[in-house]
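Below: the structure, in structure tokens.
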Amino acid sequence: MRVLGIESSCDETAVAVLDEERGLLAHCLHSQSEMHNLYGGVVPELASRDHVRRILPLTRAALAKAGCAPADIHAVAYTVGPGLIGALLVGSAFGRSLAYAWRCPGIGVHHLEGHLMAPMLESDPPGFPFLALLVSGGHTLLIDVAAFADYRLLGRSVDDAAGEAFDKTAKLLGLPYPGGAHLARLAERGTPGRYSLPRPMLDRAGFDFSFSGLKTAAAQIIRGRKLRESERADLALAFQTAIVETLVAKTRRALEASGRATLVVAGGVGANQMLRERLAAMTPELGVTVRYPRVEFCTDNAAMIAMAGLWRLRAGARDSLAIRALARWPLTETSLAAVA
Ligand code: KG4
Ligand code: ZN
């Protein structure tokens with residue numbers, strides 16, 4: 001079984017070819033971040049137009065790299081949602097049409113299911129069940145994953161996603177978009193102790209997060225002042241530490257409550273080194289193993305969409321000929337029964 005995966009939900013156009021036996025044969029990606037950086041964030045219309053320009057050349061490149069002709073592809077998996085509606089429509093219409101033209105199944109994939117399946121691309125993939133901490137630019141979720149497509153939402157951010165908070169604070173610090181990795185690099189030069197920022201919702205029961213207050217607290221420190229370089233680094237470190245400690249504390253609670261022995265961390269913020277170190281320090285005493293996708297598959301890519309598509313295909317999922325694009329789509333509404 002060989003699946004072509006397509007991702008276009010936000011500002012990355014990506015195409016990948018995944019073989020059930022031989023693994024990932026090709027993955028091609030174009031990031032639009034330089035284009036959006038001019039505006040300090042993603043401009044949806046520009047994103048859609050760029051997806052239109054890139055998607056066909058990227059598909060040709062992925063097929064060539066994989067050494068595949070269309071006849072060698074057994075299914076096309078494409079992101080249906082959630083994301084920017086125009087951007088999603090490009091990949092979804094293109095993917096569905098390819099499947100029609102190639103007379104093979106078309107499989108609509110939930111973007112977050114893609115993130116959850118990204119560790120399955122590694123040679124030693126985690127098994128089910130597991131607890132997932134999904135931390136991206138659009139989502140911060142704690143999900144109990146009993147089996148493939150069997151999701152129970154334990155906690156989520158009630159306002160900004162962790163990545164969004166990283167990006168907004170990075171912007172205040174004058175860093176390029178998307179700012180998460182830039183802020184993390186600045187924080188490496190910081191010294192703790194100068195600034196103290198809140199750890200929102202830690203004192204409250206449950207597994208929900210809130211990050212908008214943290215960003216406001218950082219904004220109040222920055223506003224109207226020109227920070228020295230060492231102050232910028234110290235603030236970046238204080239901010240990163242507050243986010244990471246909050247994520248780690250709530251994840252610990254969810255691990256204790258669910259009793260799961262595996263933690264999967266997925267999404268762009270999963271690339272954060274401090275988060276990885278703190279989770280590595282917290283989990284051994286709970287007897288929990290932490291699993292990550294490789295760093296390039298933490299952020300948006302098509303390999304993870306192909307992997308989720310392959311699992312859906314094996315489970316018998318097939319999409320109708322309708323072209324679906326859903327800006328909002330709860331992960332818990334993606335059960336296989338709902339798709340079939
Ligand atoms: O999963 P992703 O590529 O896109 C979404 O589906 O949202 O995640 C992108 C997010 C951005 O907010 C970016 O700033 C953040 O992941 N990010 C990081 C790091 N690398 C990427 N945040 C903190 N530390 C990093 N090293
Ligand atoms: Zn994503």
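The values are calculated or read from the model by the stated rules, or taken from the named source; none is laboratory data. This is a predicted model, so every value here is computed, not measured. We place every Cβ from the backbone using ideal geometry, glycine too, and count neighbours over all the protein chains shown. The protein model used for the area step is the full one, side chains on, heavy atoms only, and it has no ligands, DNA or RNA in it. Shrake-Rupley method; radii C 1.70, N 1.55, O 1.52, S 1.80 Å.
What the table below lists for this structure:
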item: Rounded if a/c under 1.5, otherwise prolate or oblate - region 15-161, Cα gyration tensor axes; result: oblate
item: Under 5 Å, built H, 5+ apart or other chain: amide partners of residue 326; result: 81
item: ³J(HN,Hα), Karplus 6.51/-1.76/1.60, whole Hz, each residue of region 322-331, x for Gly, Pro; result: 4, 8, 9, 9, 10, 4, 10, 6, x, 4
item: Sites residue 332 and residue 228, calculated FRET efficiency, Cβ-Cβ separation with R0 41 Å, nearest 0.05; result: 0.30
item: Inter-probe distance in nm under a simple model that places probes 7 Å from Cα toward Cβ, at residue 203 and residue 45; result: 4.6
item: 20 Å-binned pair-distance histogram of the chain (Cα, whole percent); result: 32, 56, 12, 0
item: Ordering of 309-321, 175-187, 194-206, 59-71 by packing [mean C-beta count within 10 Å, highest first]; result: 175-187, 309-321, 59-71, 194-206
item: Cα-based Rg of region 127-292 normalised by 2.2 N^0.38 Å, two decimals; result: 1.03
item: Rounded to 5, the percent of DSSP beta bridges in region 127-292 classed as antiparallel; result: 60
item: Charge dipole (debye, nearest 20) of the chain; +1 at Cβ of Lys and Arg, -1 at Cβ of Asp and Glu; result: 460
item: Accessible surface of the chain [probe 1.4 Å, protein heavy atoms]: carbon and sulfur percent; result: 53
item: Theoretical FRET efficiency, 1/(1+(r/R0)^6), r = Cβ-Cβ of residue 212 and residue 85, R0 30 Å, to 0.05; result: 0.80
item: Between region 12-30 and region 151-229, the Cα center-to-center distance that results, in Å; result: 33
item: Per residue accessible area of the chain, 1.4 Å probe, in Å²; result: 42
item: Residue 220/residue 245 FRET efficiency (R0 25 Å; Cβ-Cβ; nearest 0.05); result: 0.80
item: Cβ-placed point charges (K, R +1; D, E -1), dipole of region 172-307 about Cα centre in debye, nearest 20; result: 300
item: Computed accessible area, residue 234, all protein chains, 1.4 angstrom probe, square angstrom; result: 10
item: Approximate spin-label separation residue 256-residue 185, in nm, with each point projected 7 Å along Cα-to-Cβ; result: 3.8
item: Potential extension, residue 61-residue 196 segment - 0.36 nm per residue separation minus Cα distance; result: 43.7 nm
item: Ranked order, 250, 171, 215, 226 - accessible area, probe 1.4 Å, largest first; result: 226, 171, 215, 250
item: Of 279, 105, 269, farthest towards positive along the dipole that unit charges on Lys, Arg, Asp, Glu beta carbons give the chain; result: 269
item: Residue among 218, 202, 116 farthest towards the positive dipole end of the chain, charges placed on Cβ; result: 218
item: For the chain, share of DSSP beta bridges that run antiparallel, in % to the nearest 5; result: 60
item: Where labels lie 7 Å past Cα in the beta-carbon direction, separation of residue 150 and residue 74 in nm; result: 2.4
item: Listed residue (254, 180, 93) projecting farthest to the positive dipole end of the chain, Cβ model; result: 180
item: Residue-span extension gain [residue 20 to residue 37] - 0.36 nm each, minus C-alpha spacing; result: 2.4 nm
